[in-house]
Amino acid sequence: MQTLCKELNRQNSAIPAIINGIYDGDTATDLRGKLRKQANILFTNPDMLHLGILPNHTLWSAFFSRLAYVIIDEVHIYRGVFGSHTANVIRRLKRITAVYGQKPQFIFTSATLANARELAETLIEEPVVLIDKDGSPKGERHFYICNPPVIEPALGIRRSATQEISSIAKGLLQTNLQALLFTGSRRSVELIFRYLTSDQKLADKIRSYRSGYLAEERRKVENDLRTGKIGLVISTNALELGIDIGGLDAILLNGYPGTICATRQEAGRAGRKGNLSLCILEASGNPLDQYICQHPEYIFENNPEQALIDPDNSEILRLQLLCAISEMALKDGENFGALSFAEIQGHLFALEDEGLIKHIGNRYIGLSGKYPAGDVSLRNAGNQFQILADDELVGWVDSGSVKWMTHPNAIYLHQGETWVVKELNTEQKKVILEPVQVNYYTQATQFTEIALNKLLRLENVTGGRKHFGEVTVTKTITGFKRLRFWTMEVLDQEELDLPPEIMQTRAYWISLSEETVERIREQGLWNNDKNDYGNKWEEICEKICRRDNYHCRNCGATGDLEVHHIIPFRRFEDPDEANEPDNLVALCPRCHRLAETRVHIQSGLSALAYLLGNLAPFFVMCAPQDLGVHSEDKSPLALGNPVIVIYDNFPGGIGLSRKLYELHNQLLYAGIDRIQGCACENGCPACVGPVAENGIGAKEEALAILKELIKK
């Protein structure tokens, strides 16, 4: 916005009557009043429209009574939850402008998108005209896809993409080229920043940029990059760095961004003045990235994906209706956008029952003194938590990530500094930090359960059934690992006792028939059945615990103990041989989990879930974290049969799993192609998942299941 505003002022210096300016969280108080009353052109964003302008529309009467055009830049980013929220903000905007006698015309700009017109029409619920002749300047661009070297051939393990891209970034900095480095998560932004700034000669040239930073921190990074003070900014793949820097020389991608559209958009941030530019995509070991390495034409020859939004998502719609009613009373019989009063009445009843609105006479009104917009983030379906240290605001974290990122004793990373989480207060929505110097970071572990609410669609398919329906997903953070910086060595683990997160959403799942399972079992390739240790197992466990003096053999802990097979049970044909005392040891639950990670034997079902879950984002325009994946050998979702579930990772669902249900066969064929095209022996991160250090993968088993599911 700042670039656009400055350019407009430069071009219109001879026309002082045009008053324009930026209206966001950093705008000075005295300037805000002037813009509200006099602005001809206002630069803002959906968040500010949602939080500051619409809730105070009476202060904007002079502006709204003259509003003729609404221009939405980069419409391709309005997808998923963010796009669904924004569509409802537009409903609120049109409702307010109508009161002031205006019906503004909407104009959109977009990067290449398969359904740009459809997306725009869904956002504003009106027909639009598509103008698709590209007139933007284009210089020569060199695009490289790099695959890190294999360091463990038998396991298919490659060198870390993060290490590789960090080395490349360091080389670019030493040549004085200016670059952006996009990476897939907030944690990886911080890790790469920490790795690179450990070289003091480069530290002043590097900045990190992600959601959760304070506004003044983000503005400083933007200005330093624009003025050439710094040579590298590390940001997330979510295009949170929404600034236009014409002088950029290179773009570095730490892993495939997840969509063709995002890849082209991020690569296109360099060379915008027609100059020669460079883009390097460093592939990670996951199936999407390895698929791109084997099929680079996918990026360059295919059309970009469609953008999916669902403005009528029940969770989002309920929150946005609450905001709309707080801005202006809703009359009985009044529509909300294209939704009839009858279609929203159930939400109104629910809001009234919760005491959030009142029905007086023939109107629904908001509660006096309440500001619901402040509790609604457009970027996710939850609320924001303050991150505090010594009562000073350090940053923000959304409710969907708060337990994952800032659970008790988590290490919070912020621009190279490390903090330990001392308290997570869910009632006050606060996270309390203390500074700490450590050589590790933390990674939470999670347990997921899924229950069926309502089956919406069901179809018999080859090998079983495909389903689509409403489900309840219960997630519990059970503990976390401490990992050493750079080497990612697991130092130890700690258990946590946190309340679960419960979400109502929608899911697509595949169930295998009993006949399919039996055919795979006859091939000797069904390894999802639970181990049968024999009818003397309890007696054996008691003997082993007594032999080990009722102490964990690893850490010495007492209390609940479990018996562990040093050589995995499944590697023996004779159960008695597997249960020999020399192969058994008493361990506490924590040490047992640690031991199991080294010798884990992957099941074919979990291997296939890993593969399909990583390929699914190809078929719907979403980031990997927008989908959840779950597998179960005896699931209540399918009358006790094995299932693989892929669900929308947002309350109410946003249409992703519904699309996967429709693309069932395409997804399975892509899985076959990925497994057969992978050169590993028994599974690797690029196909069915990594194999434990002394464990066994399930590449053959996953392939057997897939072949049963696509038989003609």
> Does any residue of region 520-531 turn out to be in contact with a Phe, Trp or Tyr (Cβ under 7 Å, 6 or more places away or on another chain) and at pLDDT 90 or above?
Replying inline: yes
> Of all residues in region 322-343 being crowded, with 20+ Cβ neighbours inside 10 Å and free of Cβ contacts under 8 Å to residues at least 60 places away in the same chain, which is nearest to the chain's Cα centre (by Cα)?
Replying inline: Leu322
> Quick one: what pairs do we get from region 133-148, first residue of a type in the set (Lys, Arg), second in a loop (DSSP other than H, G, I, E, B), C-beta under 8 Å, 6+ apart or different chains?
Replying inline: Lys138/Gly271; Lys138/Gly274; Arg141/Ala270; Arg141/Gly271; Arg141/Leu276
> Quick check: anything in region 558-565 over 38 Å from the mean Cα position of the chain (by Cα) and farther than 29 Å from Leu608 by Cα?
Replying inline: yes
> Among the residues of region 259-284, which ones are in contact with a Gly (Cβ under 8 Å, 6 or more places away or on another chain) and assigned to a loop (DSSP other than H, G, I, E, B)?
Replying inline: Gly271, Arg272, Lys273, Gly274, Asn275, Leu276, Ala283, Ser284
> Name the residues in region 48-74 that are over 19 Å from Gly25 (Cα atoms) and crowded, with 21+ Cβ neighbours inside 10 Å, would you?
Replying inline: Phe64
> Among the numbered criteria (1) in contact with a Ser or Thr (Cβ under 8 Å, 6 or more places away or on another chain); (2) surrounded by 14 or more Cβ atoms within 10 Å (Cβ to Cβ), which single criterion is violated by Ile510?
Replying inline: (1)
>> Please go through (1) in contact (Cβ under 8 Å) with a residue 12 or more places away in the chain; (2) not assigned by TED's automatic domain parsing to the domain that holds Glu573 for Arg553 and return the number of the only condition it doesn't satisfy.
In response: (2)
>> Condition first: in a helix (DSSP H, G or I), touching a residue at least 12 places away in the same chain (Cβ under 8 Å) and of a type outside the set (Lys, Arg). Now tell me which residues in region 641-663 satisfy that.
In response: Leu656, Ser657, Leu660, Tyr661
>> Suppose we filter region 528-553 for residues that are in contact with a helix residue (DSSP H, G or I) (Cβ under 6 Å, 6 or more places away or on another chain) and within 22 Å of Arg570 (Cβ to Cβ); how many remain?
In response: 3
> Of the numbered conditions (1) among the small types (Gly, Ala, Ser); (2) under 30 Å from Val89 (Cβ atoms); (3) in contact with a helix residue (DSSP H, G or I) (Cβ under 8 Å, 6 or more places away or on another chain), Ser399 satisfies every one except a single condition; which is it?
Replying inline: (3)
>> I need the full set of residues from region 110-132 which are in contact (Cβ under 8 Å) with a residue 40 or more places away in the chain, assigned to a loop (DSSP other than H, G, I, E, B) and of a type in the set (A, V, I, L, M, F, W, C), in order please.
In response: Ala111, Leu113, Ala114
>> Can you tell me how many residues within region 358-413 are under 19 Å from Ile477 (Cβ atoms), part of a helix (DSSP H, G or I) and aliphatic (A, V, I, L, M)?
In response: 2
>> Looking at region 333-353, can you tell me whether even one residue there is assigned to a strand (DSSP E or B) and over 24 Å from Val81 (Cα atoms)?
In response: no
> Got a sec? Which of Arg210, Arg218, Arg159 is over 18 Å from the mean Cα position of the chain (by Cα) and either crowded, with 20+ Cβ neighbours inside 10 Å or within 25 Å of Val75 (Cβ to Cβ) (or both)?
Replying inline: Arg218
> When you scan region 409-468, how many residues do you find that are out of contact with any Lys or Arg (no Cβ under 9 Å at 6 or more places or on another chain), in contact (Cβ under 8 Å) with a residue 40 or more places away in the chain and in the same structural domain as Leu639 (by TED's automatic domain parsing)?
Replying inline: 7
> When region 496-519 is examined, which residues are found to be at pLDDT 90 or above and in a strand (DSSP E or B)?
Replying inline: Ile502, Met503, Gln504, Thr505, Arg506, Ala507, Tyr508, Trp509, Ile510, Ser511, Leu512
> Only one residue in Leu191, Leu202, Leu172 is touching a helix residue (DSSP H, G or I) at 6+ places or on another chain (Cβ under 7 Å), hydrophobic (A, V, I, L, M, F, W, C), touching a residue at least 60 places away in the same chain (Cβ under 8 Å) and farther than 23 Å from Ile299 by Cα, so which one is that?
Replying inline: Leu191
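Table: residues versus (1) modelled with pLDDT under 90; (2) within 30 Å of Leu113 (Cα to Cα); (3) part of a helix (DSSP H, G or I).
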| site | (1), (2), (3) |
| --- | --- |
| Ala14 | yes, no, no |
| Asp24 | yes, yes, no |
| Asp30 | yes, no, yes |
| Leu35 | no, no, yes |
| Ala62 | no, no, yes |
| His76 | yes, yes, yes |
> What is the one condition in (1) farther than 20 Å from Ser635 by Cβ; (2) of a type in the set (Ser, Thr, Tyr); (3) not in a loop (DSSP other than H, G, I, E, B) that Thr487 does not satisfy?
Replying inline: (3)
> Do the conditions hold for Arg141, that is, is it within 30 Å of Ile675 (Cα to Cα), modelled with pLDDT under 95 and of a type in the set (Lys, Arg)?
Replying inline: no
>> Restricting to region 425-447, give me the number of residues that are farther than 17 Å from Leu191 by Cβ, among the β-branched types (Val, Ile, Thr) and assigned to a strand (DSSP E or B).
In response: 3
> Restricting to region 447-473, what's the tally of residues that are under 24 Å from the mean Cα position of the chain (by Cα) and either exposed (fewer than 14 other Cβ atoms within 10 Å of the Cβ) or among the hydroxyl-bearing types (Ser, Thr, Tyr) (or both)?
Replying inline: 4
> So how many residues does region 260-282 have that are under 23 Å from Gln306 (Cα atoms) and out of contact with any His (no Cβ under 8 Å at 6 or more places or on another chain)?
Replying inline: 9
>> If I go through region 355-374 residue by residue, how many of them are touching a residue at least 24 places away in the same chain (Cβ under 8 Å), under 21 Å from Ser314 (Cβ atoms) and in contact with a strand residue (DSSP E or B) (Cβ under 9 Å, 6 or more places away or on another chain)?
In response: 5
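For every residue, the table says whether it meets (1) in a loop (DSSP other than H, G, I, E, B); (2) in the same structural domain as Val490 (by TED's automatic domain parsing); (3) modelled with pLDDT of 90 or more; (4) surrounded by fewer than 17 Cβ atoms within 10 Å (Cβ to Cβ).
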site	(1), (2), (3), (4)
Asn665	no, yes, yes, yes
Arg674	no, yes, yes, no
Glu681	yes, yes, no, yes
Cys684	yes, yes, no, no
Cys687	yes, yes, no, no
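The values are calculated or read from the model by the stated rules, or taken from the named source; none is laboratory data. Being a predicted model, the structure only gives us computed values, none of them experimental. A quick note on method: Cβ atoms are made from the backbone with ideal geometry, for glycine too, and the neighbour counts reach across all protein chains shown.
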